[in-house]
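Take a look at the structure below.
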Amino acid sequence: MKLIDTMYEEMGIDLKVIELINSAEESIKKNFEKINTIAEYNQLKVLKAFQKNRLSDKHFNWNTGYGYDDIGRETLERVFSDIFNTEDAIVRPLIVNGTHALTLALTGILRPGDTMLSITGKPYDTLEDVIGISNKKGQGSLIEYGIKYKEVKLTDNGFFDKKNILNQIDNSTKMIYIQRSSGYSFRKALTIDEIKSIIIHIRNIKNDVIVMVDNCYGEFLDYKEPTDVGVDIMAGSLIKNPGGGLALSGGYIVGKKDLIELISFKLTSPGIGKECGLMFGQSRSIFQGLFMAPTVVSGALKGAVLCSKVYNDLGFKVSPMPDDNRSDIIQSIVLEDSSRVIEFCKGIQEASPVDSFVTPIPWDMPGYNSEVIMAAGAFVQGSSIELSADAPIKEPYIVYFQGGLTYEHSKFGVLKSLNALVNKNLITI
Ligand SMILES: *Cc1c(COP(=O)(O)O)cnc(C)c1O
């Protein structure tokens, strides 16, 4: 037996599971080559921005008090705008998550009487309170401030509903909102080409509309980013792709200079904007995480493709399919049964470097209408660029698999999940 297989056996994996997954891996080598080339390109894109901005040791220091003239922070923001091909950027550890970054962008730009038109249907769950379409009142949502909200669903095949979108645009339409990633719905993420094409149609009707993208989970998936194809403002989380697993917290917003300025007045205060705010010593790890991000993302992506291939071959519905072009790192699998979902998640937890001894159980998480199970044993809490899986316990019992700081670890997650299912006789191989 090969040394590696002995090792897998010592880690509790059945020989049959190892063989099945190794042969699945063999059959998707072509997909991996494509992912590697994109990672190589993005590594150079990041490196080029670092070199152009003459990154140096002095940028890793930080200020106190108001934080005026923090050269590390200013350089970091220039590097982000170079990578994303925008005029300006806000990158801060004190943006607490992706929702916060998106909220700053929305509240910074939109004014009473403006309409926000989401063209990817209902946005990510946490945005419902922000917009004011959940049943909670009195929290200062956009709608409470007199901003109007409309949405156009994607078509049944998961594409932009062009006709309906163009019909919904009128004089009050200030912003078009696009969520690139599938989030937690069973659809494909929207590709850069799809985003590019819809923006061209929209601009033909209303040239001055502001196009905003929620880029969470999408960074470094492709040669281009949404801001390369006509998007005006875009936001994401540093504990997902662009933090490369090293950023401890934070979010970014990139886009047009005038919009970034408006948003910066929400970030701090009107008149003060992005001139103030401390980095609390996080500049170096954010830079280093960004440097690692293209490789880290490619590892997670290869793990997702492997997961897709393995479960699809076993007869389960998966999204995306193994050969699909990907625009985010999420892999969903329809497991059709609650005990399968639970065992899958237990397997992922057991594969973790941190808290591998913990057993995840479904619980009534606030804001969800069914029990939810989450598996993650991460160095940075809640970081979903690290190996994780989660699922609402409801039909059709879809589990969402994502992340892995290295491909090897993401593969181990796939091995452990299948092993758990096979051991409990929930799947026969
Ligand atoms: C993660 C995510 C968000 C923001 O979530 P946070 O937990 O606040 O970081 C928003 N949209 C999408 C599509 C996401 O995946």
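Rule-based calculations on the coordinates, nothing more; no lab input. Fair warning: this is a prediction, and the values are worked out from it, not measured in the lab. All Cβ positions, glycine included, derive from the backbone under ideal geometry; neighbour counts span all protein chains shown.
Relative contact order of the chain: what whole-number percent is it, with Cα pairs under 8 angstrom and at least 6 residues apart?
Relative contact order, the chain: 18 percent.
Non-local amide H neighbours of Ile398 (under 5 Å, H modeled in plane, Pro and chain starts lacking H): which ones?
Here Leu335 satisfy the definition.
Neighbouring Cβ atoms within 10 Å as the yardstick, rank Ile165, Ile253 fewest first.
Least crowded to most crowded, the residues run Ile165, Ile253.
Taking the Cα centre of each part, how many Å lie between the range 348-407 and the range 247-288?
When both Cα centres are located, 30 Å separates them.
Of all DSSP beta bridges in the chain, what percent run antiparallel (nearest 5)?
The antiparallel proportion sits near 60 percent.
Nearest 20 debye, what's the magnitude of the dipole of the range 62-281 about its Cα centre given +1 on Lys and Arg Cβ and -1 on Asp and Glu Cβ?
Taking the Cα centre of the range 62-281 as origin, the dipole is about 620 debye.
Running a GNM on the chain with Cα contacts under 10 Å, which residue among Gly403, Gly251, Gly315 ends up with the highest mean-square fluctuation?
Gly315
Of all the stretches in the chain, which is the longest one without any exposed loop site, taking chymotrypsin sites (Phe, Trp or Tyr not before Pro) in a DSSP loop (any state but H, G, I, E, B) with at most 12 other Cβ atoms within 10 Å?
69-222
Taking the Cβ of Pro396 as the centre, find all other residues whose Cβ is under 13 Å away and add up their charges (Lys, Arg: +1; Asp, Glu: -1).
Counting the neighbours of Pro396, the net charge comes to 0.
Could you list the residues of the range 173-215 with an amide nitrogen less than 18 Å from a label point located 7 Å from the Cα of Asp156 in the Cα-to-C-beta direction?
Inside the label zone: 186-188.
Just Ile200, Ile83, Ile109 to compare: in a GNM of the chain, with alpha carbon springs under 10 Å, which one fluctuates most?
Ile200
Looking at the range 62-281, what % of its DSSP beta bridges pair antiparallel, to the nearest 5?
Beta bridges within the range 62-281, antiparallel portion: roughly 40 percent.
Kindly write out, for the range 46-56 in residue order, the coupling ³J(HN,Hα) from the Karplus curve 6.51 cos²θ - 1.76 cosθ + 1.60 (θ = phi - 60°), rounded to whole Hz, with x marking Gly and Pro.
So the J values, rounded to whole Hz, are 5, 4, 4, 5, 5, 5, 4, 8, 6, 4, 8.
Using Cα atoms only, what is the angle between the long axis of helix 192-205 and the major principal axis of the chain, expressed in degrees (0 to 90) to the nearest 10?
The helix 192-205 is inclined about 30 degrees to the chain.
Out of Asn85, Asn369, Asn135, any idea which swings most in a Gaussian network model of the chain, alpha carbons joined below 10 Å?
Most flexible of the set in this elastic network: Asn135.
Which net charge results for the neighbourhood of Lys136, defined as the other residues with beta-carbon distances under 15 angstrom from its beta-carbon, given Lys and Arg at +1 and Asp and Glu at -1?
Charge balance in the 15 Å sphere: -3.
If amide H atoms are built 1.01 Å from N in the plane of the peptide, which residues on other chains or at least 5 residues away come under 5 Å of the amide H of Lys240?
none
Compute the angle between helix 98-109 and the longest alpha-carbon principal axis of the chain, please, reported from 0 to 90 degrees and rounded to the nearest 10.
With both axes taken from Cα atoms, the answer is about 20 degrees.
Projecting each Cα onto the charge dipole of the range 150-292 (Lys/Arg +1, Asp/Glu -1 at the beta carbon, about the Cα centre), which of Thr155, Leu259, Ile199 comes out farthest on the positive side?
The residue sitting most towards the positive pole is Thr155.
Would you calculate a helix-derived [θ] at 222 nm for the chain, using -39,500 (n - 2.57) for each DSSP H run of n ≥ 4 and dividing by the full residue count, to the nearest 500?
-12500 deg cm²/dmol
Hey, what did the range 62-281 get for relative contact order, percent, Cα under 8 Å, at least 6 apart?
So the answer I get is 30 percent.
Does the range 295-353 classify as rounded, prolate or oblate by the C-alpha gyration tensor (a ≥ b ≥ c root eigenvalues; a/c under 1.5 gives rounded; else a/b over b/c gives prolate, otherwise oblate)?
Because a/c hits 1.5 or more and a/b fails to exceed b/c, the range 295-353 counts as oblate.
For the range 315-334 and the range 186-209, compute the distance between their C-alpha centroids and round to whole Å.
22 Å
Across the range 177-190, in residue order, what do the Karplus-derived ³J(HN,Hα) couplings come to in whole Hz, using 6.51 cos²θ - 1.76 cosθ + 1.60 with θ = phi - 60° and x for Gly and Pro?
Computed from phi, the couplings for the range 177-190 are 10, 10, 9, 5, 6, 5, x, 9, 9, 7, 9, 7, 6, 7 Hz.
Could you compute the net charge surrounding Glu151? Neighbours are other residues with a C-beta less than 12 Å from the C-beta of Glu151; K and R count +1, D and E count -1.
+2
Can you tell me the orientation of helix 338-350 relative to the chain, as the angle in degrees between its alpha-carbon axis and the longest Cα principal axis, to the nearest 10?
Approximately 80 degrees, to the nearest 10.
For the chain, with the dipole built from +1 on Lys and Arg beta-carbon atoms and -1 on Asp and Glu ones, taken about the Cα centre, which of Thr126, Ser339, Val380 lies farthest toward the positive end?
Among Thr126, Ser339, Val380, the one farthest towards the positive end of the dipole of the chain is Thr126.
Between Ile361 and Asn204, 0.36 nm times their residue separation minus their Cα-Cα distance comes to what?
51.5 nm
Step through the residues of the range 231-243 one at a time and calculate ³J(HN,Hα) from phi using the Karplus curve (6.51 cos²θ - 1.76 cosθ + 1.60, θ = phi - 60°), rounding each to whole Hz and writing x for Gly and Pro.
Listing the rounded values in order: 7, 8, 8, 8, 9, x, 10, 7, 9, 10, 3, x, x Hz.
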